[in-house]
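A short write-up of the structure that comes next.
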Amino acid sequence: MSSGRTVTPRFAEDLPFREVDAPPSYGRQTGGPVAHLAVADAEGTVIGYVWADDSDDAAGWVVPPGLPPRAVNAGASWLRALRSGKARGLAPTALLAGLAQGANDNELSHAVPGSLTEAPSLAALRERVAGD
């Protein structure tokens, strides 16, 4: 079904995306073991895990499936903490160590005491989180 209109070619072509300025960020992938820290909301529900690996200058946030919107929103400050750590030039595990000591705790969420540990890989952490 045609509307009879002609699409101007300049609107139909794919335009290349060129990032000109973005905040610094750690890599999102790694092949080695990852240190990770559980984060819980004010009610004590685990809302995510911050992970880090210095060998690939990588760090990120893994969220369990099925969280309610308030829990997902409570995780935003942990994503900001990752960007801030990179901007300050911190090694990923140095940032994680500070977070484990409560550096990013707030009224919405906090690092779970004693939860800083290691997984054999990022894939293993993601599988564990998906199965919780």
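Summary table
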read-out	value
Conditions (1) in a loop (DSSP other than H, G, I, E, B); (2) open to solvent by less than 60 Å² (accessible area, probe 1.4 Å); (3) not small (Gly, Ala, Ser): number failed by residue 43	(2)
Test: residue 57 is surrounded by fewer than 18 Cβ atoms within 10 Å (Cβ to Cβ) and in contact with a strand residue (DSSP E or B) (Cβ under 8 Å, 6 or more places away or on another chain)	yes
Given (1) in contact with a His (Cβ under 9 Å, 6 or more places away or on another chain); (2) under 26 Å from residue 69 (Cβ atoms); (3) outside any helix (DSSP H, G or I), index of the condition residue 118 fails	(2)
Scan of the stretch 123-132 for residues that are over 15 Å from residue 52 (Cα atoms) and either open to solvent by 70 Å² or more (accessible area, probe 1.4 Å) or not in a helix (DSSP H, G or I) (or both), ordered by number	127, 128, 132
Test result for residue 84, open to solvent by less than 60 Å² (accessible area, probe 1.4 Å), hydroxyl-bearing (Ser, Thr, Tyr) and either outside any loop (DSSP other than H, G, I, E, B) or in contact (Cβ under 8 Å) with a residue 12 or more places away in the chain (or both)	yes
Candidate set: the stretch 87-107, residues that are loosely packed, with under 14 Cβ neighbours inside 10 Å and among the polar types (S, T, N, Q); chosen: the one farthest from residue 28 (Cα to Cα)	106
Residue in the stretch 108-122 that is buried (at least 18 other Cβ atoms within 10 Å of the Cβ), acidic (Asp, Glu) and either out of contact with any Asp or Glu (no Cβ under 9 Å at 6 or more places or on another chain) or at pLDDT below 95 (or both) present	no
Residues that are among the small types (Gly, Ala, Ser) and touching a residue at least 60 places away in the same chain (Cβ under 8 Å), drawn from the stretch 87-128	87, 100, 109, 111, 115, 119, 121
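The values are calculated or read from the model by the stated rules, or taken from the named source; none is laboratory data. Just so you know, these numbers come straight off a predicted model, no measurement behind them. All Cβ positions, even for glycine, are placed from backbone atoms using ideal geometry, and neighbour counts span all protein chains on display. All accessible areas refer to the heavy atoms of the entire protein, side chains included, with ligands and DNA or RNA removed. Shrake-Rupley method; radii C 1.70, N 1.55, O 1.52, S 1.80 Å.
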